[in-house]
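Note sheet for the following structure.
The values are calculated or read from the model by the stated rules, or taken from the named source; none is laboratory data. Nothing here was measured: the structure is a model prediction, and the numbers come from that model. Cβ placement follows ideal geometry from the backbone for every residue including glycine, while neighbour counts extend to all protein chains displayed.
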Ligand SMILES: [Zn+2]
């Protein structure tokens, strides 16, 4: 894995952990911090450049920081998100960010390239002290 892209961003969202016997069971919000790490064996073209000079466009790793009305998670009520359902723990959100980001990156690959050498790790901080990591 000679290349690794790394990028970080934040988004603000509200949620409720349904059925949680404590403060997390009440409506509240977080400034979530996300770190994406994408490793690759090879360089590729992107939708913006024809030559094989990138692991991926950094923009493809940051879609979640967009406003909820533009397909991201910023200023969303996470429990209403169709791909998350009512369970919005850091673990569930990190797995969703991993699944959706890898799907978007692979959707932009040239025909015949399955992206089998791409490996993504997502770290999601729900608070400055508490982080969940997800990778495959
Ligand atoms: Zn919470």
Looking for something at positive phi and not in a helix (DSSP H, G or I) - is there at least one such residue anywhere in the stretch 68-81?
yes
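Each row is one residue, and each column tells you yes or no for (1) within 11 Å of the chain's Cα centre (by Cα); (2) closer than 16 Å to residue 18 by Cβ; (3) more than 16 Å from the ligand (Cβ to nearest atom); (4) surrounded by fewer than 14 Cβ atoms within 10 Å (Cβ to Cβ).
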| site | (1), (2), (3), (4) |
| --- | --- |
| 77 | no, yes, no, no |
| 90 | no, yes, no, no |
| 107 | no, no, yes, yes |
| 112 | no, no, yes, yes |
| 120 | yes, no, yes, no |
| 123 | yes, no, yes, no |
Could you please find all residues in the stretch 69-85 being in contact (Cβ under 8 Å) with a residue 12 or more places away in the chain and out of contact with any helix residue (DSSP H, G or I) (no Cβ under 9 Å at 6 or more places or on another chain)?
79
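Under 20 Å from residue 128 (Cβ atoms) and within 18 Å of the chain's Cα centre (by Cα), is that true of residue 70? Before the answer, list the steps.
Working: under 20 Å from residue 128 (Cβ atoms): no; within 18 Å of the chain's Cα centre (by Cα): yes.
So residue 70 fails the test.
Return the only residue of 88, 127, 101 being over 25 Å from residue 42 (Cα atoms), in contact with a helix residue (DSSP H, G or I) (Cβ under 7 Å, 6 or more places away or on another chain) and in contact (Cβ under 8 Å) with a residue 12 or more places away in the chain.
Details: 127 fails: in contact with a helix residue (DSSP H, G or I) (Cβ under 7 Å, 6 or more places away or on another chain); 101 fails: over 25 Å from residue 42 (Cα atoms).
Unique residue meeting the criteria: 88.
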Residue in the stretch 16-55 that is surrounded by the most Cβ atoms within 10 Å (Cβ to Cβ), counting only those that are touching a residue at least 60 places away in the same chain (Cβ under 8 Å), within 14 Å of the ligand (Cβ to nearest atom) and assigned to a loop (DSSP other than H, G, I, E, B)
17
Search the stretch 56-66 for residues being out of contact with any strand residue (DSSP E or B) (no Cβ under 7 Å at 6 or more places or on another chain) and not in a loop (DSSP other than H, G, I, E, B), and hand back the single one that is nearest to residue 117 (Cα to Cα).
60
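Please pick out the residue among 101, 69 that is modelled with pLDDT of 95 or more and surrounded by fewer than 17 Cβ atoms within 10 Å (Cβ to Cβ).
Of the residues listed, the single one that is modelled with pLDDT of 95 or more and surrounded by fewer than 17 Cβ atoms within 10 Å (Cβ to Cβ) is 69.
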